[in-house]
1. Where a ≥ b ≥ c are the square roots of the eigenvalues of the C-alpha gyration tensor, would you call the range B:4-231 rounded, which needs a/c under 1.5, or, failing that, prolate if a/b is larger than b/c, or oblate?
2. Could you tell me the center-to-center distance, by alpha carbons, between the range A:175-235 and the range A:30-78 in angstrom?
3. First check a/c for chain A, with a ≥ b ≥ c the square roots of the eigenvalues of its C-alpha gyration tensor; if it is under 1.5, answer rounded, and if not, answer prolate when a/b is larger than b/c or oblate otherwise.
4. Which residue, B:18, B:339, B:67, has the most motion in a Gaussian network model of chain B that connects Cα atoms within less than 10 Å?
5. Using only atoms on other chains, find how many Cβ atoms lie within 10 Å of each Cβ of peptide A:158-165 and report the average.
6. Can you pull the one-decimal nm distance between simple spin-label points at residue B:10 and residue B:294, each 7 Å off the Cα toward Cβ?
7. Okay, helix-only estimate at 222 nm for chain A: each DSSP H run of n ≥ 4 adds -39500 (n - 2.57), divide by all residues, round to 500 deg cm²/dmol; what do you get?
8. With label points built 7 Å along Cα→Cβ from the Cα atoms of residue A:83 and residue B:340, find their separation and express it in nm.
Ligand SMILES: Nc1ncnc2c1ncn2[C@@H]1O[C@H](COP(=O)(O)OP(=O)(O)O)[C@@H](O)[C@H]1O
Ligand SMILES: [Mg+2]
């Protein structure tokens with residue numbers, strides 16, 4: 001008994017140290033802005049920087065928009081594929097994986113070529129439409145994660161029979177989708193949303209090349225010019241990430257009966 | 001005109017015809033079972049009535065209205081699935097209320113209706129539970145309540161008891177039947193279990209390879225099967241080859257011994273070989289009073305089954321099994337004993353197919 005438990009614990013401890021030591025080191029470093037004492041000065045500077053507030057707010061907004069569009073695009077698609085067109089599944093899976101194979105820089109150059117101000121659809125001609133273009137770009141980047149999460153969630157429930165049960169009770173497809181299907185893939189949706197959020201908050205290439213005031217380019221700017229503040233930013237980003245994870249746990253629990261393991 | 005009319009229904013998947021030449025007329029309030037082995041097209045037929053599959057040809061009418069081209073949500077049918085299919089995110093009460101909510105009923109109407117339904121299935125105390133907190137039998141009862149809450153014109157059940165234990169299966173079978181009788185709702189019940197079909201139905205449609213082999217009351221199906229398939233699928237039956245002697249007089253020879261059947265030999269040619277069927281419980285042993293057919297043979301086997309003793313009597317090439325009730329004061333007969341088996345002319349069923 002004893003020997004069989006020591007091995008896993010050593011592995012776990014090593015893994016935990018591997019993740020925690022750099023984190024602690026970064027945190028410790030971020031506190032040393034003032035010579036000779038620990039202080040939260042770097043955090044005060046970062047959080048007080050209007051550019052931080054502006055870029056973080058901008059990226060958060062875009063992340064939320066990306067999540068909404070992503071969900072509205074992916075859920076009906078995955079649902080329909082599962083229900084009516086299972087033969088198309090490999091094709092759709094291949095398409096959703098493309099963003100992992102095509103670098104963001106290639107994508108964004110493609111966008112700039114397709115949608116420049118002299119094209120048929122000049123999305124880059126105004127800041128507002130460029131924001132839209134950036135959001136769509138983010139939807140593409142997040143597609144593999146969102147699709148996979150939703151597809152897994154849908155596979156865990158009997159989509160076909162639930163749909164038919166609702167249909168025979170008189171429901172039309174918006175009701176079926178929003179009242180029956182969506183609530184039962186809520187935890188899957190939340191993990192998809194969380195991954196999307198993490199991707200959008202840290203994204204640099206697209207935002208920089210489309211010249212939008214996002215958090216990624218700001219992070220890069222601070223990182224290149226300051227010493228202690230980037231560490232503080234890293235810790236803040238980490239904190240936000242963990243807060244998201246915590247929220248997923250809370251909401252995931254709240255969806256009673258929706259997750260397959262509780263059935 | 002009947003309440004539910006199915007005419008010349010046909011369904012093909014690719015080249016393969018799954019349902020063919022299917023006709024049925026069911027009266028209002030009737031309980032009809034589709035009985036047949038797995039893969040014979042029961043579910044497909046039921047799904048066409050529900051609207052989940054579109055017929056390749058044929059018509060379906062409910063209460064005079066042609067529903068063949070209607071979507072499931074326009075048909076007002078209640079459906080109960082083998083896998084229960086309760087909505088996992090909703091409580092029992094919310095599940096039952098779903099169809100009423102979709103129909104836009106007011107909360108003042110929905111509440112009492114849900115209570116009434118939960119009382120009907122004897123689960124009013126579980127209204128706030130979630131499906132995963134219920135046993136299989138309870139889930140299926142909720143599924144039944146959900147289906148009938150919307151007052152459907154027709155209730156469709158697809159093997160609703162197949163996933164349950166034998167004990168619950170029998171009690172739930174009686175409960176479903178009681179609810180159906182109380183509401184007087186026209187019902188189609190799909191099953192591969194002959195006992196279920198025989199005990200619950202007003203009429204049974206025995207299906208084989210996409211066709212309705214025979215439609216009749218449980219009494220007719222059990223006692224007077226028309227084809228070899230029906231005869232062998234429903235109950236235990238003696239099936240013997242018989243050589244037609246005189247079709248008009250119903251005379252036929254089993255293993256050289258002439259017997260008479262008063263049922264369905266019409267159209268048979270002398271010399272033709274037909275399958276004859278005989279229920280074990282229709283045969284008596286050494287009964288001096290019995291008139292009708294008598295055949296002499298020897299006892300080959302005696303099986304004591306408790307309240308029933310099953311005896312096999314051999315005649316040359318063929319043998320007949322018969323059931324006698326156990327009588328504590330009489331020893332069962334011995335193997336090798338010479339006996340006379342007796343059965344009425346009306347009990348000898350000559351089937352339509354050749355032996
Ligand atoms: N969607 C489908 N596509 C192709 N074949 C199907 C489909 N649905 C059913 N079948 C075939 O039709 C036949 C009858 O199926 P089904 O109606 O489910 O039988 P039962 O309910 O009597 O077991 C089976 O051979 C089955 O494989
Ligand atoms: Mg079936």
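Where a number appears in this text, it was derived from the coordinates with a stated rule and is not lab data. Source: prediction; values computed, not measured. So basically every Cβ, Gly included, is an ideal-geometry build from the backbone, and we count neighbours across all protein chains shown.
1. Note, shape of the range B:4-231 comes out prolate.
2. 8
3. Oblate, because a/c is 1.5 or more while a/b does not exceed b/c.
4. Evaluated over chain B, the most mobile residue of the options is B:339.
5. 6
6. For the pair residue B:10/residue B:294, the computed spacing is 5.4 nm.
7. -25000 deg cm²/dmol
8. The two pseudo-label positions are separated by 7.1 nm.
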